[in-house]
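The values are calculated or read from the model by the stated rules, or taken from the named source; none is laboratory data. Just so it is clear, the structure is predicted and the values come from calculations on it, not from any experiment. Cβ: placed from backbone, ideal geometry, glycine included. Neighbour counts: every protein chain shown.
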Amino acid sequence: MSRGSVESVRRLFFAPSWIARHLLALALVALFIRMGIWQFTKGESAQGTMQNLFYGVEWPIFAVFVVYWWFRMIKEALSPPDLEGPQWGVGGRIAPETPHQLGAGGPRMLTAGGSLVADDEDEEVAAYNRYLAALYNRDAQQDALRAITASQPTKQLDPAARTTTPPQINGARG
């Protein structure tokens, strides 16, 4: 085991946020097992029903879910980040992927019938993709404009230059 992996495991098991997660998982497993034992013994008693027996089986299943997700969290924290996946764009949005190019030697799309479909044959999909890209660009520009205007000081308008409009009551001008 390399030195880097030992350090990452130590960081994972002994960081305060991870200690809280470990303790929460341990407490949930203990609680769920205890609830299962209680429901099972209640189901075996004279006042118990089949529902209690089924609950007695259900609570340990919840404990297994907790253990499963705990292992998944640890595995995800120890694995290196996926640099091949989508990258975050402007304002926390996932950046749109580059359009598929047939001449680029990439994979070709097959339809249900098995025939190859060129990108230019389906104009409706291409138009929709252009629409989505335009929406993304518009939102990114609006976010950038908001950031610029938020950083600039607000201008005070001259009170004499403002025109006042009479108040409206129920749509009628007074």
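Overview of values
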item: Among the residues listed as 23, 28, the single one being within 30 Å of residue 79 (Cα to Cα) and exposed (fewer than 13 other Cβ atoms within 10 Å of the Cβ); result: 23
item: Number of positions in region 31-52 that are among the aliphatic types (A, V, I, L, M), under 37 Å from the mean Cα position of the chain (by Cα) and surrounded by fewer than 17 Cβ atoms within 10 Å (Cβ to Cβ); result: 3
item: Answer residue from region 29-76, given it is among the basic types (Lys, Arg) and within 25 Å of residue 15 (Cβ to Cβ) and is modelled with the highest pLDDT among those; result: 72
